[in-house]
Amino acid sequence: MGSNHRTPEDISGFPYFPSGTKSLLNKCLTRDEWEKCKDRKDKYGFTFRQAIFTGAKWTNSGVGVYAGFHESYYDFAPFMDKIIESYHGHKPTDKHISSMDHTKLRCPDFPADEDKMINSTRIRVARNLAESPSAPPSPPSSAAKSRPKSPRPSPPLTANSRASTTPSPR
């Protein structure tokens, strides 16, 4: 394995990891998991080999695994379950609790010396759009295969639509 791989299809067998590789891919991928998942793909055509490609190519990755789509987590389970548990500490049986009620937050006070330094904070929230790939870019040939078909094509630009997006002259 390693940098000689140009595409996910170059992974022809169980990945080799040099001694000292600390990635979660190396930690969680067993030969049994490889045999179960190596030829799988999700409903959009995103393959297991695409999911592990970056970690197999760059063996110094921290995680080395990407899910192409939401379905990839299910289609490549229980391998993905092991990755999630190792990284986040969440088991497949755990339940996500979501509450936007700030009165239910139970946060310990900061130590006095740290509390003096904190003026404000921000919370970053990210989300993936359903049926949109969340993995890093793949080579053009494999990216086109995994890209979902849009349910509705975008309307063509017209003179009126361009006018509404073009700044007016000053």
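Beyond 31 Å in Cα-Cα separation lie the following of the pairs 91/116; 27/104; 22/116; 57/95; 43/91: 91/116; 27/104; 22/116; 57/95. P(r) tail, the range 22-64: Cα-Cα pairs separated by more than 12 Å, 59% of all pairs. Label-to-label distance, residue 74 versus residue 113, with points set 7 angstrom from Cα along the beta-carbon direction: 5.1 nm. Cα convex hull, the range 38-104: 116 Å³ per residue, rounded to a whole number.
Each label point was placed 7 Å from the Cα along the Cα-to-Cβ direction; for residue 98 and residue 43 their separation is 1.9 nm. Determine the sum of side-chain charges near residue 17: Lys and Arg each +1, Asp and Glu each -1, restricted to other residues whose C-beta is under 13 angstrom from that of residue 17. It works out to a net charge of +4. Pairwise Cα separations in the range 1-114 fall into 5 Å bins from 0 onward with the following percentages, short to long: 2, 11, 19, 20, 16, 8, 7, 6, 6, 4, 1, 0.
How do 48, 110, 69, 17 rank when sorted from fewest to most other Cβ atoms within 10 Å of their own Cβ? Let's see the in-between values first.
On the way: 48 26, 110 11, 69 22, 17 19.
Least to most surrounded, the residues fall as 110, 17, 69, 48.
Read-outs throughout are calculated quantities, based only on the coordinates presented, and are distinct from any laboratory measurement. No experiment lies behind these values; they were computed from the predicted model shown. Neighbour counts are summed over all protein chains in view; Cβ atoms, including those assigned to glycine, are modelled from backbone coordinates with ideal geometry.
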